[in-house]
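The values are calculated or read from the model by the stated rules, or taken from the named source; none is laboratory data. Since this is a predicted model, take the numbers as computed values, not measurements. Cβ: placed from backbone, ideal geometry, glycine included. Neighbour counts: every protein chain shown. The area values use the complete protein model at the heavy-atom level, side chains included, leaving out ligands, DNA and RNA. Shrake-Rupley method; radii C 1.70, N 1.55, O 1.52, S 1.80 Å.
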Amino acid sequence: MAHLAPTAAIRTLAELTFDHHDAHREFIKLVAIENIHRGEHIRKSEVLANLGTPVLDLITRILEAGRVSGEFDTEADAIDVHMMISAFCVFRVANQHTFGALFGREMTAPQHRAKQRRMLGEMIVSYLRGS
């Protein structure tokens with residue numbers, strides 16, 4: 001993503017994260033189970049403990065480039081941005097049944113996918129631009 005301008009890079013990262021979570025819904029179940037166990041197993045694994053480092057490094061580089069170029073006005077750190085992206089992606093999968101029962105919308109239905117993916121990218125970009 002180093003070849004992309006900061007705005008395009010963060011939008012692309014958000015959209016690719018959306019794609020990954022949508023394609024690997026079992027991953028969200030595993031994360032939920034690990035959270036029920038208060039992160040007990042991930043803390044014991046040297047391999048898993050550093051799983052987030054590459055994405056945080058990438059987001060940090062994108063944020064720094066965006067500040068330098070003037071594309072991003074909002075002071076945000078990589079963890080906050082990663083949390084924002086993940087929150088949207090995880091929510092639509094993890095809460096699809098309860099949200100659907102309460103509001104009558106199947107959040108992971110194919111007809112909503114493109115709009116939600118685009119919405120996530122725009123939400124992150126708008127936040128970083130201070131919009």
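The rows are residues; the columns are (1) surrounded by 14 or more Cβ atoms within 10 Å (Cβ to Cβ); (2) part of a loop (DSSP other than H, G, I, E, B).
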{"site": "8", "(1), (2)": "yes, no"}
{"site": "11", "(1), (2)": "yes, no"}
{"site": "15", "(1), (2)": "yes, no"}
{"site": "29", "(1), (2)": "no, no"}
{"site": "48", "(1), (2)": "no, no"}
{"site": "59", "(1), (2)": "yes, no"}
{"site": "63", "(1), (2)": "yes, no"}
{"site": "66", "(1), (2)": "yes, no"}
{"site": "76", "(1), (2)": "yes, yes"}
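Okay, residues lined up against (1) touching a Phe, Trp or Tyr at 6+ places or on another chain (Cβ under 7 Å); (2) at pLDDT 95 or above; (3) open to solvent by 40 Å² or more (accessible area, probe 1.4 Å):
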position	(1), (2), (3)
99	no, no, yes
102	no, yes, yes
124	no, yes, no
131	no, no, yes
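Looking at 101, 114, can you tell me which residue is among the small types (Gly, Ala, Ser) and either over 22 Å from residue 23 (Cβ atoms) or part of a loop (DSSP other than H, G, I, E, B) (or both)? Outline the logic, then answer.
Values: 114 fails: either over 22 Å from residue 23 (Cβ atoms) or part of a loop (DSSP other than H, G, I, E, B) (or both).
Unique residue meeting the criteria: 101.
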Which of (1) in contact with a helix residue (DSSP H, G or I) (Cβ under 9 Å, 6 or more places away or on another chain); (2) farther than 21 Å from residue 123 by Cβ; (3) of a type outside the set (Val, Ile, Thr) is the odd one out, the single condition residue 86 does not satisfy? (2)
Please name all residue pairs, on different chains or six or more residues apart, with Cβ atoms under 6 Å, provided the first residue is in the range 66-77 and is farther than 10 Å from residue 10 by Cβ and the second residue is at pLDDT 95 or above and open to solvent by less than 50 Å² (accessible area, probe 1.4 Å). 69/6; 74/128
Here the qualifying pairs (Cβ atoms under 6 Å; residues six or more apart or on different chains; first in the range 100-117 and touching a residue at least 60 places away in the same chain (Cβ under 8 Å); second open to solvent by less than 90 Å² (accessible area, probe 1.4 Å) and in a helix (DSSP H, G or I)) come out as 108/96; 117/15; 117/18
